[in-house]
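A short worksheet on the structure shown next.
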Amino acid sequence: MGRPRTFDIEQALEAALAVFWRKGYEGASYADLVEATGVERPALYSAFGNKEALFLRALERYNAHYGSYVWKAIELETSRQVAQRVLEGAVELSTRFDDRTGCFGINGGVAGSDDSEASRRALIKWRADGEAVLRERFERAKREGDLPNDVDPSVLAAYLLTIAHGVAVQAKAGFPREKLSAIARQALSAWPGK
């Protein structure tokens, strides 16, 4: 029988999430993860498996605890309100923490080697899932007359997330929240329909 855990698994996962958010998958070493969590390598392996498995658990946590604003936004009444909430959420989350700016899903997947293929695929799926829910919401908006007939909901969803992802990249590059908010407002000024 193994020794009982002497650390809080949720705290360790949150600490690992912060490392991946800050450094991305490739940039985060297991030594970084050990230091941030305060948990020795064998115990981390025992609790989470390898670095890739820990990253995937961190992505799940990010989605549940931080990135859920997209899924909440689709419940709003108009497509413009949805877009506004998505962009406001991107600005807020990308600048919330001084030690980890940008977006976990963008920071983690911008660059990667063949060794990180599984994590890269997980991030691609995560982003595609977000785009799909927005596309479906904009299809509904079009059916309901909230968007003009000549709008392509698929392109509109991709456009919105391109702006949101750009906000995350610029936050990582040091843009202040005020400037990112202004960029979001400018993008919304071109929103089709009502």
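The values are calculated or read from the model by the stated rules, or taken from the named source; none is laboratory data. Please read all numbers here as calculations on a predicted model, not as lab measurements. Heavy atoms of the whole protein, side chains included, go into the accessibility calculation; ligands, DNA and RNA do not. Shrake-Rupley method; radii C 1.70, N 1.55, O 1.52, S 1.80 Å.
Tell me the carbon and sulfur percent of the accessible area for the range 28-102, rounded to whole percent, probe radius 1.4 Å.
On the way: 1640 of 3580 Å².
The value for the range 28-102 is 46 percent carbon and sulfur by accessible area.
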Relative contact order of the range 68-188, please, whole-number percent, based on alpha carbon pairs below 8 angstrom and at least 6 residues apart.
36
Residue-normalised accessible area of the chain, given per residue in Å² at a 1.4 Å probe
52
If you bin every alpha carbon distance in the range 9-62 into 5 Å steps from zero, what whole percent lands in each bin?
5, 24, 41, 26, 5
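Using only C-alpha atoms and all pairs of different ones, pull out the Kirkwood radius for the range 88-170 in Å with one decimal.
Kirkwood hydrodynamic radius for the range 88-170: 14.1 Å.
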Under a no-solvent Debye model with one identical scatterer per Cα of the range 1-102, what's log10 I(q)/I(0) at q = 0.13, 0.21 Å⁻¹?
-0.54, -1.03
So for the chain, if I pair up every lysine 8 or more residues apart or on another chain, how many of those pairs have alpha-carbons under 28 Å apart?
16
Taking the range 9-62 and dividing mean pair separation by its residue count, relative contact order in percent (alpha carbons under 8 Å, at least six apart)
48
What the 10 Å binned alpha carbon P(r) of the chain shows, as percent of pairs per bin from 0, is 9, 34, 30, 18, 7, 2, 0
